[in-house]
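Worksheet for the structure shown next.
The values are calculated or read from the model by the stated rules, or taken from the named source; none is laboratory data. These figures come from a predicted structure and were not determined experimentally. All Cβ positions, even for glycine, are placed from backbone atoms using ideal geometry, and neighbour counts span all protein chains on display. The area values use the complete protein model at the heavy-atom level, side chains included, leaving out ligands, DNA and RNA. Shrake-Rupley method; radii C 1.70, N 1.55, O 1.52, S 1.80 Å.
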Amino acid sequence: MHLKTLILLSALLPLCLSHGWDPLGWLFRRHGQAQYFGSLQADTTGGACPAECDCPPTFPVAMYCDGRGLNAIPSIPSRIKYLYLQHNAISAVPDSALINATNLVWLFLHHNQLTSDAISKEVFLKLEGLERLFLHHNNLTSIPPNLPRSLRDLRIDHNRIGKVIPTDLEGMDNLTILYLHDNNIADMGTSLKALKSLTLLDLSNNKLIKIPDALPEHLHQFYLEFNSIDSLPEGFLGGLAQLQYVRMSHNQLTNKGIPSDTFNVTGLVELDLSYNKLERIPTVSTTLQHLYLQANQIKEFTLGSFCSIVDVTNFSRLQTLRLEGNEISQEDIPLESALCLRKASSIQI
């Protein structure tokens, strides 16, 4: 090495070390950067990512094929756990479509053109770890058979399903969320009986004329708006100790069709009975916090519906009470209501 170069390096070395800077560090940094950029190369375990999809190197178990104008499901590498296929024009799920995708945990197929006849009867059998399956906004006329028993979240709303039979949901002990709203369902039979873990059930905007039988005991939220239900079974909320939210607006309910004390159950937080045919305020529990009764035919403000006894210690926890669109006015509210409904921020009439 040239003498002048040696002198220069010997002069710089103490200065560099005193400032914590390694003059030869660039050699090691360059090698480290090569390793870093190498780690960002595509993971091809179980197959390469299809050209029409994205498989981020930083999240190699996910495959994004949403909104790509796809007509068919592309080849899926076996490493993929999260598959996004929504907002396409996919019309079928043949056996070959998911043959390698046995590790799937999430499968999103909503907003496509799927029909029940074009989904293979055995295509979901090998997806033993699948937890979320989104099939809403398609053209399904029935729930696909042989769904994985591992499912926790099933969204199959906005289809054309007319009936649900017990075998559709058999063995799905882990299911906690079931969206079936905006279909043509007229009959549920006893299909809900098997859903031991279900906490949210949305059956709104269907063609139901009665409450489904054998409701899951752990139900927390129950939505039945926009159906044709005109009566309720005796004590149908009695076995649902965890139920807090019941929404039954836009039905055909009358007082005659509601057994006494149906809604006088502790634990209920919100009850929506708006847009029905009620002529009287039904009796509710003092623990209820939100009650919606607008657009009925109520002709009298019955304080006894909220408080059987009115005194300092007995009062309703009601915070929201909506009664507009009925046949009563502000003058119909008795003076005693100030004590019974002391928690209500406002009573809308």
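Rolling a 1.4 Å probe over the heavy atoms of the protein chains gives the chain an accessible area of 51 Å² per residue.
Could you check how much of the accessible area of segment 119-223 is carbon and sulfur, as a whole percent, using a 1.4 Å probe?
Values: 1990 of 4440 Å².
About 45 percent, which is the carbon plus sulfur part of the accessible surface.
Helices in the chain, meaning DSSP H runs of at least 4 residues, each add -39500 (n - 2.57). Divided by all residues, the mean residue ellipticity at 222 nm is -3000 deg cm²/dmol.
Taking a ≥ b ≥ c as the square roots of the eigenvalues of the alpha carbon gyration tensor, segment 186-302 is oblate, as a/c is not under 1.5 and a/b does not beat b/c.
If Lys and Arg each add +1 and Asp and Glu each add -1, what is the summed charge of the other residues whose beta carbon sits under 12 Å from the beta carbon of residue 280?
Net local charge, residue 280 excluded: 0.
Computed with a 1.4 Å probe over protein heavy atoms only, the accessible area of residue 324 comes to about 50 Å². Straight distance only, please: which lysines reach the Cα of residue 193 with their own Cα at less than 29 Å, same-chain residues fewer than 8 apart left out? Within the straight-line limit of under 29 Å, residue 193 reaches these lysines: 121, 126, 163, 207, 210, 256.
For segment 87-196, just say rounded, prolate or oblate: build the C-alpha gyration tensor, square-root its eigenvalues into a ≥ b ≥ c, call rounded for a/c under 1.5, and beyond that prolate if a/b exceeds b/c, oblate if not. The shape class here is oblate. Shape class of the chain from the Cα gyration tensor (axes a ≥ b ≥ c, square roots of the eigenvalues): oblate, since a/c reaches 1.5 or more and a/b does not exceed b/c.
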